[in-house]
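Below you'll find the structure, written out as structure tokens, and then a few comments.
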2 protein chains.
Amino acid sequence: MSGKGRPETARSGKVDMTHGGGGRAMAELIRDLFHRHLGNPILDEANDAARLGMVPGRLVMSTDGHVVAPLFFPGGDIGSLSVHGTLNDIAMTGARPLFLSAGFILEEGFPLDDLERIVISMAEAAAAAGVPVVTGDTKVVEKGKGDGVFITTTGLGVVPDGVEIGAERARPGQAILVSGSIGDHGVAILSKRENLDFETDLRSDSAALHGMVAEMVSSAPAIAVLRDPTRGGLSAALNEISRAANVGIWLDEEAIQVKPDVAAACELLGLDPLHVANEGKLLCICAADDAERLLSVMHGHPLGRDAALIGHVTDEDAPLVQMRTGFGGMRVVDWLSGEQLPRIC
Amino acid sequence: MSGKGRPETARSGKVDMTHGGGGRAMAELIRDLFHRHLGNPILDEANDAARLGMVPGRLVMSTDGHVVAPLFFPGGDIGSLSVHGTLNDIAMTGARPLFLSAGFILEEGFPLDDLERIVISMAEAAAAAGVPVVTGDTKVVEKGKGDGVFITTTGLGVVPDGVEIGAERARPGQAILVSGSIGDHGVAILSKRENLDFETDLRSDSAALHGMVAEMVSSAPAIAVLRDPTRGGLSAALNEISRAANVGIWLDEEAIQVKPDVAAACELLGLDPLHVANEGKLLCICAADDAERLLSVMHGHPLGRDAALIGHVTDEDAPLVQMRTGFGGMRVVDWLSGEQLPRIC
């Protein structure tokens, strides 16, 4: 942390146990670091709860813990990821996100410079999204009882009138769209793991999708399902949807884009890109008649330039997800027990 | 976890990395443990975001990470504490809490039986409070990168019309009330620390205060400040208020109740009860004319039976907190740099 911002009680440059103790050291950390970068009129009131005023409309709320390792990766860090991840969960209901909260669990000894870098990244992501962090909390655990920093964010948003989106609304005949290439986030993270370091220019796709979603629901309010395929990748997201709606899903492998670097890394590591996490992509399931219009809206947005129709919902073989392969065969897209590699978000 | 509730993928009886991976193992944990105990119509929809419907009125939002050690203590555990802590932060704005979210960060190897005990305790606390857990998230970190379980809860509530409560509203001449004896929670936790184990029947005061608060604001809507003196105790809470409102605060030591077990433990450990955490007590600052009425309301509620007038706000010596001691002198009630002992909540 650059001189001015460092709390007086933290001349060591590291988080210590007093920063979670509810006393002066914590108050200074909150003022000199969190408020300095994340400040906005609601957060600045600095009560234990944020006063949001009246919020007309149907509310949605979502929470997401972030434990990504490493904390900094190509295309982002835990700060920006913790904003994008929760904004996207809100957006996947069709909602406009309005407010965020952030709970930090810091490990004793974590460098304050790194913490400041993370908070600045969080502030930039929140500002770019137009969604303020209105309240927060800081706890500190002893060295060896945490891992640098964990951030749990919670978001609040409002669903536009007439929009009804949910996994259970998938119906046979609907089209399945995806907003771009898959697997970028997972492979970018893996490329920086200590034991896996490999050369790639790949960056995480971490991004806030609510702007594109707003254009999509405005163009086609009858969208049935939106889902961001994060942990477990496209495969887990589609298997969840097929189970929630008790439908079958057919995919066309050739329509699913995988960047050459992602394909090469997956080949090298023995991974299936369908199982690899994304943090800036969405799945959209809609009436077949709306597919062209929605693809055109997505193509006009920077986060959806490579959007494609990748399959459709069927009443056969529910709740299986199956894929027509490049060789013309069909295979079941299975649902792994876990992620191939942990702490991807 | 008793046979039926154990996810099929977790026959070892312990949390493993697959439980955070977004695949089948995580889905089974969520279904067999979280949904089974915390289930309610909103949570059961099982989308990534909870659909809350319309919520008229002025909203407040608060978030709190819980890292208490040990996880189980006399009078509660991290599950009930994570419900009470956030409900109380919401209640301290005068609001009625309506919804909770919960983000779990689990350490690999944590016993599923302990996790189930914690989730049941959380479910009981939420049910007793009448506030559902509507959405959640689970992450798993490797053994040695966490400490059993951390829980970050976020609450949403609505402030009744006409109620305006905040630390900055303290004014000279107002009365300071506290709802009971202080230091119970901190001493109960300390009594179970490995290195401090001492004999006491003391239990944490962990409790949800919003029911009593509802009666208080209904009886005296002009309450200026409510605050739950958690980390840093009464001292940190009053120092924060004196700074926020730029007022002086005078306390009367003889009016502040400390249980004999708490006094003895503090004596033994060299602690000042004014600095020790509470989890079921509130400070109320109100017009002197409202003090008797509010004390009577508090005395009529199980959580306020020992409520007392402990001091008043003054325009002298802002922003100092001072106390008339039992010997007739005055001393400054200082604000520690940290908590005397970490991870109290």
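Got a sec? Which strands (runs of 3 or more DSSP E) wholly within the range B:132-232 have at least 1 residues that are in contact with a Ser or Thr (Cβ under 8 Å, 6 or more places away or on another chain)?
Working: elements: B:133-141, B:149-159, B:175-178, B:225-227.
Answer list for the range B:132-232: B:133-141, B:149-159, B:225-227.
For the condition open to solvent by less than 10 Å² (accessible area, probe 1.4 Å), over 26 Å from B:CYS345 (Cα atoms), at pLDDT 95 or above and not hydroxyl-bearing (Ser, Thr, Tyr), what is the one hit in B:ILE249, B:ILE241?
B:ILE249
Please list, ordered by first then second residue, the pairs with beta carbon atoms under 6 Å, 6 or more apart or interchain, first in the range A:313-341 and within 24 Å of A:ARG231 (Cβ to Cβ) and touching a residue at least 12 places away in the same chain (Cβ under 8 Å), second of a type in the set (Lys, Arg) and open to solvent by less than 40 Å² (accessible area, probe 1.4 Å).
A:GLU339/A:ARG231
Give the residues of the range A:113-127 that are within 16 Å of the chain's Cα centre (by Cα) and among the charged types (D, E, K, R), sorted by residue number.
The answer is A:GLU124, and nothing else.
Pick out the one residue from B:GLY148, B:GLY130 that is modelled with pLDDT of 95 or more, open to solvent by less than 40 Å² (accessible area, probe 1.4 Å) and under 21 Å from the mean Cα position of the chain (by Cα).
Going through B:GLY148, B:GLY130 in turn, just one is modelled with pLDDT of 95 or more, open to solvent by less than 40 Å² (accessible area, probe 1.4 Å) and under 21 Å from the mean Cα position of the chain (by Cα): B:GLY148.
Only one of A:LEU87, A:LEU52, A:LEU106 is surrounded by fewer than 24 Cβ atoms within 10 Å (Cβ to Cβ), in contact with a strand residue (DSSP E or B) (Cβ under 6 Å, 6 or more places away or on another chain), hydrophobic (A, V, I, L, M, F, W, C) and at pLDDT 95 or above. Can you tell me which?
That would be A:LEU52, the only listed residue that is surrounded by fewer than 24 Cβ atoms within 10 Å (Cβ to Cβ), in contact with a strand residue (DSSP E or B) (Cβ under 6 Å, 6 or more places away or on another chain), hydrophobic (A, V, I, L, M, F, W, C) and at pLDDT 95 or above.
Check off (1) in contact with an Asp or Glu (Cβ under 7 Å, 6 or more places away or on another chain); (2) open to solvent by less than 10 Å² (accessible area, probe 1.4 Å); (3) touching a residue at least 60 places away in the same chain (Cβ under 8 Å); (4) more than 10 Å from chain B (Cβ to nearest Cβ) for A:SER62 and give me the number that stays unchecked.
(4)
Kindly establish whether B:VAL15 is more than 8 Å from chain A (Cβ to nearest Cβ) and out of contact with any strand residue (DSSP E or B) (no Cβ under 6 Å at 6 or more places or on another chain).
In short, no.
Scan the range B:78-89 and tell me whether some residue there is among the aliphatic types (A, V, I, L, M), facing another protein chain (nearest Cβ under 10 Å) and over 27 Å from A:THR230 (Cβ atoms).
no
Say whether the condition of being under 23 Å from the mean Cα position of the chain (by Cα) and either open to solvent by 50 Å² or more (accessible area, probe 1.4 Å) or aromatic (Phe, Trp, Tyr) (or both) is met by at least one residue in the range A:261-279.
The answer is yes; a qualifying residue exists.
Please work out if B:CYS284 is crowded, with 24+ Cβ neighbours inside 10 Å and under 30 Å from B:ASP201 (Cα atoms). It would help to see each step written out before you state the result.
Working: crowded, with 24+ Cβ neighbours inside 10 Å: yes; under 30 Å from B:ASP201 (Cα atoms): yes.
Yes.
Could you list all residues from the range B:120-155 that are under 30 Å from B:GLY94 (Cβ atoms) and away from chain A (no Cβ under 13 Å)?
Scanning the range B:120-155 gives B:SER121, B:MET122, B:ALA123, B:GLU124, B:ALA125, B:ALA126, B:ALA127, B:ALA128, B:ALA129, B:GLY130.
Just checking, does the range B:12-28 include any residue being surrounded by fewer than 16 Cβ atoms within 10 Å (Cβ to Cβ), at pLDDT below 90 and either farther than 20 Å from B:ALA126 by Cβ or touching a Ser or Thr at 6+ places or on another chain (Cβ under 7 Å) (or both)?
yes
Only one of A:GLY328, A:GLY304, A:GLY311 is small (Gly, Ala, Ser), more than 14 Å from chain B (Cβ to nearest Cβ) and within 21 Å of the chain's Cα centre (by Cα). Can you tell me which?
Selected residue: A:GLY304, the only one of A:GLY328, A:GLY304, A:GLY311 that is small (Gly, Ala, Ser), more than 14 Å from chain B (Cβ to nearest Cβ) and within 21 Å of the chain's Cα centre (by Cα).
Quick one: in the range B:233-248, of everything that is more than 10 Å from every other protein chain (Cβ to nearest Cβ) and in a helix (DSSP H, G or I), which residue is farthest from A:MET26 (Cα to Cα)?
Among them, the one singled out is B:ALA245.
The values are calculated or read from the model by the stated rules, or taken from the named source; none is laboratory data. Here the structure is a predicted model, which is why all the values come from computation and not from measurement. Quick reminder, even Gly has a Cβ in these numbers, built from the backbone with ideal geometry, and neighbours come from all protein chains shown. These accessible areas exclude ligands, DNA and RNA; they are computed on the full protein's heavy atoms, side chains included. Shrake-Rupley method; radii C 1.70, N 1.55, O 1.52, S 1.80 Å.
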